[in-house]
Structure formats: structure tokens, C-alpha cells
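Engineer: Pasting in a structure now, in C-alpha cells, and then I'll have a few things to ask.
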Amino acid sequence: MNAPLLDRVRERLAAEGAALRPSVVAAAIRAESGGVLGDTEVLTSMRELQTELVGAGILEPLLCAPGTTDVLVTAPDAIWVDDGSGLRRTPISFADEAAVRRLAQRLALAAGRRLDDAQPWVDGHLSSLGPAGGGAALSVRLHAVLPPIAAAGTCLSLRILRPATQDLDALIESAAISAEAAALLRGVIGARLAFLVSGGTGAGKTTLLAGLLGAVPADERIVCVEDAAELAPRHPHVVKLVARCANVEGVGEVTVRDLVRQALRMRPDRIVVGEVRGAEVVDLLTALNTGHDGGAGTVHANNPAEVPARFEALAALGGLDRAALHSQLGAAIQVVLHVSRDRAGRRRLSEIGMLRRGDDGRVRVLRCWHIDDGFDRWVDDLRRLIDIRSRS
């Protein structure tokens, strides 16, 4: 099926606005080809059009494969996938650069965003991307950049957002959490200490957070605020609030910060922010300092010691200076749980730290446990804090 014919069929289908049933697509192909194509050619053309008009096209098998976390396109013939064992190049390729661009623009439109020469990048969320032939829909985070910003051609990044549903016992059984660390984690939850899960991209922060929330007593109400719906803890009373991007007209945005403020009015026992990455940190710290114990969130950081500096940068976006941030942070959050991914691709809890404000007013993270060294000198202080808070 040549490019001009493909364009004409696509335009006809768009103009008709009908559902893309096989009979409708076949009729459009025959009409635009002047009826000269035989049945075999029509079937071939339909398969080609399916990759152009439905779902994620030739990326569909990669996205739907069990274990896939990321699909990355850096050139028409350079498609990479991460299925939990690190990135590897696939043999799949697009016909040309124009095909990559068409897919990126179609996915951006499905996410309610604009992607063109005037707006050459997009960051969006696809909540109903799925196999063309049916099956469970996927939740996908979309990012794309067009040339000439992307010098080598359209770059497309798709991250699968699989609901994090594993409980604490499952994470222990899979060796994502060691048995000795698990006892501390249960103590943190039971004592209603506020905690952060830190780590790099894809390290398993959301998975650990969901597992810990599943261990929260069943009579507590958890209100989760997220940029994209990922948390699905095994708990009977979870309220989910999901942020919304502005539409193609630039209106309708609902930010994480908006939702944190709404969560305060919903009688929460615990407030959880799926990922702290902006000015909402100010509202979260305020909430945790006004009687909402046991809150939690995740934050990107290379190691636990860098968490206070990361919060300084985020708080500055909300107009909070360094001194005020450390004062709020030291009073609001007690524990940092760091997750990492080893060279074999395994995601594990690697460190537990306790936040403490020093004589200079700065908050530091004191190591209590490390995956390689076991319990550290500050673990007794953490255990005492757990004991005090459990009895209060």
C-alpha cells in the first residue's frame, strides 16, 4: 500500500468519523484504490492500516508483553524495550521517520495533548491504550519530542503503569525486602511514622509504597493523590485522586497540589502523594504537621542522604526557603526508605534511614539499616521512636 493511498484512506476514515470496523476500513481502501485491489491486497492493506490507525501500531506486541516496563524509540530502526532485565534493542522497525512522527502525534492526540512544530514535545497519560483486537487496556505514560529538537528524529518514550498491588508478604517472599528489614517496616507502619520512599526511575518506589499501605490497619482511611493512577494497595478503604493535564485548548488542568489540598477535607487518616516532584511538597508537609500522622510519598533521589537537598529544591518552587523547609521536614517526616535496582535488574529495598534535625537546623538522614551491612548504629534510636509512638 503506497503512501499516497494510505494518506487518502486515512483522510476518508477521519472525515467519515465511523468506528474503525474491518468492513469500514475495507470499504475505504476499495473506494480510494478505485476498486482495483483484490482481496489479498485489501487484507494486506488492512493490516498495514491497523498499525497506523489503532493502538500503538507496531509497538503493540512490545507494550502488551508480560513484564514490559518501557518501550523507547530513538530512530525508525532503533526500538528498545525494558522488561525488567535492562534495556535491549529489538528487531522491530518503522518504515521511516514519518511513520514514527505519525504514531507520536496520534498518541499525543489520544492523551488530549498537542504535538506539532509549534509544540515539539509532549508529556501525557494514556489510560485506555490496548490491543487492537481487544484485551485489557494499558495505562501508559507518554513522552515524545519532534525534530529538530530531537536532532536524530522523533523520540518516543512509553512507560507502562501497571497497578502496584503486591502486599508486604509478597515483597518479602520475592526478596525485594529482607526479613530483618521487614520487622522495622511493620513497626514504622504500626507506629504511624510518616515516611518517604526514595530511589531512581524504575527502582520500585511505587511497588514498595503500595505494599506498605496494604499493611495499614483496615479501619484507617487512606487518601492517595497521584499524577497517574499507579497505586492499588490491598486495603479496604482507599480513596484515589488523580491529577489531570490541561486539554489541547490549555484549560481543565487539575494539579497534584490542588488535590493535596482537597485531600485534607476528606477526613483522611493517612495522606499519600504518589510522587512528590513539585510545589505540592509545601502542602504535604503542612498536612503532615497538622495532625495527619502516618503519611507517605515517593521522591526521586540517588541515595537517602540527598533527600533533604531534593526537598529544598522542590520547596523553592512553592516559595518555601531553606530554613522553613528544614523546620517543616524535620517535624513532618521521620523515615526514609531507599529502593534501588542492581545490575541484574532486581528491585530491592536497600537502605532505611531516620530523619533528624541537627543543632544547625539542617535535617540529615541517619542510616539505620543497609542491605549489605545490616543494622547500623542509629537503628536503636529508630526502634525507640517506634516504641514511643506505638504507646502514644
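The values are calculated or read from the model by the stated rules, or taken from the named source; none is laboratory data. Since we're looking at a predicted model, the values are computed, not measured. Positions of Cβ are generated from backbone atoms using ideal geometry, with glycine treated the same way; all protein chains shown enter the neighbour counts.
Engineer: For residues that are part of a helix (DSSP H, G or I), within 24 Å of the chain's Cα centre (by Cα) and buried (at least 20 other Cβ atoms within 10 Å of the Cβ), scanning just region 172-205, find the one that is modelled with the lowest pLDDT.
Structural biologist: Looking at the filtered set, the residue picked out is Lys205.
Engineer: Regarding region 371-391, can at least one residue be identified that is among the charged types (D, E, K, R), in contact with a strand residue (DSSP E or B) (Cβ under 7 Å, 6 or more places away or on another chain) and surrounded by 18 or more Cβ atoms within 10 Å (Cβ to Cβ)?
Structural biologist: no
Conditions tested, residue by residue: (1) among the aromatic types (Phe, Trp, Tyr); (2) touching a Ser or Thr at 6+ places or on another chain (Cβ under 9 Å); (3) in contact (Cβ under 8 Å) with a residue 40 or more places away in the chain.
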site: Val254; (1), (2), (3): no, no, no
site: Asp258; (1), (2), (3): no, no, no
site: Ala263; (1), (2), (3): no, no, yes
site: Val273; (1), (2), (3): no, yes, yes
site: Leu285; (1), (2), (3): no, no, yes
site: Thr290; (1), (2), (3): no, no, no
site: Gly295; (1), (2), (3): no, no, yes
site: Ala301; (1), (2), (3): no, yes, yes
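Engineer: Please work out if Asp219 is in a helix (DSSP H, G or I) and either closer than 26 Å to Asn303 by Cβ or of a type outside the set (A, V, I, L, M, F, W, C) (or both).
Structural biologist: So Asp219 does not fit the description; no.
Engineer: Also, quick follow-up: Identify, please: which residue in region 89-142 is of a type in the set (Lys, Arg) and either in contact with a Lys or Arg (Cβ under 7 Å, 6 or more places away or on another chain) or under 20 Å from Arg244 (Cα atoms) (or both) and is, among those, modelled with the highest pLDDT?
Structural biologist: Among those residues, the one meeting the criterion is Arg141.
Engineer: Yes or no: region 289-303 includes at least one residue that is under 22 Å from the mean Cα position of the chain (by Cα), outside any strand (DSSP E or B), under 30 Å from Val239 (Cβ atoms) and modelled with pLDDT of 90 or more.
Structural biologist: yes
Engineer: Sticking with this one: Looking only at region 234-282, count every residue that is closer than 23 Å to Gly199 by Cβ and over 19 Å from the mean Cα position of the chain (by Cα) and tell me the total.
Structural biologist: 3
Engineer: Please give the number of the condition Val272 fails out of (1) farther than 23 Å from Ala191 by Cβ; (2) assigned to a strand (DSSP E or B).
Structural biologist: (1) is the only condition that Val272 fails.
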